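**Q** Let me begin by handing over the structure; questions about it come next.
Quick note: the coordinates plus some simple rules give every number you see, no bench work behind them. Computed from a predicted structure; not experimentally measured. With ideal geometry, Cβ positions are generated from the backbone for all residues, glycine too; neighbour counts draw on all protein chains shown.
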Amino acid sequence: MPMPAFTKDILAEFSDDTLTLMEEGSAPVVIPYREHPEIFGHPRFLMADFDNSAALVRKTLANLRGARFALIAPRIIVNINRQLNGGIMEIDKSIIQQIFTEAGARKVEIRNA
């Protein structure tokens, strides 16, 4: 039996200048870092402000998924392609895991880190 449409995975991709959230069948949502320097402006962390990061991701996911976001929490696959001073550390992965979970993800998988 095929999965209902509202259970599709969401891909979150951190590049050098944007965070892009994509779901199959929906237009991608691109968040330029320069529009949110308080979140993305730190040279060492992917997302430096936990509360604002979670709020931004939660709002973006709700806009991306619409009413389906309230029905079932999505699994989010995170690709990290952004270069940071010192590289991606375990604390970065933990912060990303917590931010996306706080924003409503059912499960978070971090890849390319």
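**Q** On a 0 to 90° scale, report how tilted helix 90-102 is relative to the longest principal axis of the chain, with both axes built from alpha carbons and the result rounded to the nearest 10.
**A** Approximately 40 degrees, to the nearest 10.
**Q** Starting from a Cα-only point model with no solvent, please compute log10 I(q)/I(0) by Debye for the chain at q = 0.13, 0.20, 0.23 1/Å.
**A** Treating every Cα as an identical point scatterer, log10 I(q)/I(0) equals -0.45, -1.06, -1.40.
**Q** Okay, moving on. Taking every DSSP beta bridge that has both residues in the chain, what percent is antiparallel when rounded to the nearest 5?
**A** So the antiparallel bridges in the chain amount to around 45 percent.
**Q** In whole percent, what relative contact order does region 29-98 give with Cα contacts below 8 Å and a gap of six or more residues?
**A** 33
**Q** Which residue fluctuates the most in the chain, going by a Gaussian network model with Cα springs under 10 Å, if the choices are LEU21, LEU84, LEU61?
**A** Result: LEU84 has the largest fluctuation of those listed.
**Q** Pop a pseudo-label 7 angstrom from the Cα along the beta-carbon direction at both LEU11 and ASP51 and give the gap in nm to one decimal.
**A** 3.4
**Q** Report, in degrees rounded to the nearest 10, the 0 to 90 angle that the Cα long axis of helix 50-65 makes with the longest principal axis of the chain.
**A** 30
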